[in-house]
Structure formats: structure tokens, C-alpha cells
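Computed from the coordinates by the stated procedures, all read-outs in this text should not be read as laboratory data. Values in this document were obtained by computation on a predicted structure and should not be read as measured data. No Cβ is skipped: glycine too gets one built from the backbone with ideal geometry, and neighbour counts run over all protein chains shown.
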């Protein structure tokens, strides 16, 4: 059961540069498909445009439904990232050996934003930006949770560490 929440954040791709880029690509493909149907009675190449438009629409739906939820109370960190992590995960003092806020390089370290995994860097869940909560669990898994509120998260982590009696 959650205690009093000291930090809460919800992030979505809607309104980010990635959202607008995919919408632009989807519109161009859709217009190309319509023009292909109208001006290519033999339908040459139209099937490819239809498939590309459908795939881009799928990416758009994925971006629309992806939402990163993070909350911290004085004892625990909670997160979920539907549709990838649907059930809320809870990390406590018993789960974590290291916790801190850091700047990171999304493309270099994880291959971009979203739900990512790299053997070298671990798992990352981010929407935009380059600041996140870095966690190392007792089973030596690395988890990075991106934030758009680094100062507020830093304050919450400081309070959490005080309660967990962790230095620094």
C-alpha cells in the first residue's frame, strides 16, 4: 500500500518531437496512398504504400498508448510503462543497492527513448530528455527511469535515501 506520495510524474509521447515526426510521416504516406489509388489504376506500388501507412499507424498508436508513470513515497519507488510494463512495479530498500539521479545519453546508451534494453546499460524507460533515476537492484539489474522533473525527483530521492538511511 502506498504511503504519502512525495513525487509523481506521468509522461507521454503526445506533444513531443517524436509524436509530430510520426504524424508527419503517417500523413505523407496516407496522402501518397490516396494519390496512388487515384492516379495508378493498375495499383502498382500502392500495396507497399498501404502497408507502410498501416505500419506507421501502428507506431502512432503505440506512441499514443505508451505512458510512463512514476511515483515515490517515503519507502518505495513505483513505476509502470504500459503497454510494456502493465503491472505496477515496486522497489523498496530491500530491492535496491544504488540509487541516484544522472544525466545520460539516450541514443548512445540505450538506442533512443521509449522502453529500451541494452546488455551494457540495462533497462531504460523514458519519453524525452536526458535526465533519469538510475537504480541498481540487489540482483545486479540496472534500471533507468527518465524524468521531466529532475529537481523534484532529486528532492524525493534525497528524502527516500534519508528514510532508507543511505548516504549521498
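As an exercise, use a Förster radius of 45 Å and the Cβ-Cβ distance of residue 109 and residue 47 to find the FRET efficiency, rounded to the nearest 0.05.
That gives a FRET efficiency of 0.70.
How do 120, 159, 102 line up, fewest other C-beta atoms within 10 Å first?
The most exposed by this proxy come first: 120, 102, 159.
Find the percent of Cα-Cα distances in region 86-164 that exceed 16 Å, and round it to a whole number.
So the portion of pairs separated by more than 16 Å is 50 percent.
Could you work out the helix-only [θ] at 222 nm for the chain, with each DSSP H run of four or more residues adding -39,500 (n - 2.57) and the total divided by the number of residues, to the nearest 500 deg cm²/dmol?
Helix-only estimate at 222 nm: -12000 deg cm²/dmol.
In what order do 151, 165, 88 fall by count of nearby beta-carbon atoms within 10 Å, going from fewest to most?
Arranged by neighbour count, lowest to highest, 151, 165, 88 become 165, 151, 88.
Taking 0.36 nm per residue of separation and subtracting the Cα-Cα distance, what length does fully extending residue 136 through residue 119 add?
Taking 0.36 nm per residue and subtracting the Cα distance, the gain is 4.7 nm.
Would you mind getting me the FRET efficiency between residue 154 and residue 4? Use the beta-carbon distance for r and R0 = 22 Å, nearest 0.05.
So, using R0 = 22 Å, E works out to roughly 0.75.
Mind jotting down the three principal axis lengths of the chain based on Cα atoms? Whole angstrom, largest first.
Dimensions of the chain along the principal axes of its Cα atoms: 72, 32, 25 Å.
Using Cβ contacts closer than 10 Å as the measure, can you line up 153, 18, 125 from fewest to most?
18, 153, 125
With an 8 Å cut-off on Cα pairs and a minimum separation of 6 or more residues, tell me the relative contact order of the chain in percent.
It rounds to 21 percent for the chain.
How far apart, in nm, are the 7 Å Cα→Cβ label points at residue 67 and residue 54?
The modelled label-to-label distance comes out at 2.8 nm.
Hey, how much of the P(r) for region 1-44 falls beyond 13 Å, as a percent of Cα pairs?
Of the Cα pairs, 70 percent sit more than 13 Å apart.
When only C-alpha pairs under 8 Å and at least 6 residues apart count, what is the relative contact order of region 56-149, in percent?
21 percent
Going 7 Å from the Cα of residue 74 in the Cα-to-Cβ direction, what parts of region 145-168 have a backbone nitrogen less than 17 Å from that spot?
Inside the label zone: 155-166.
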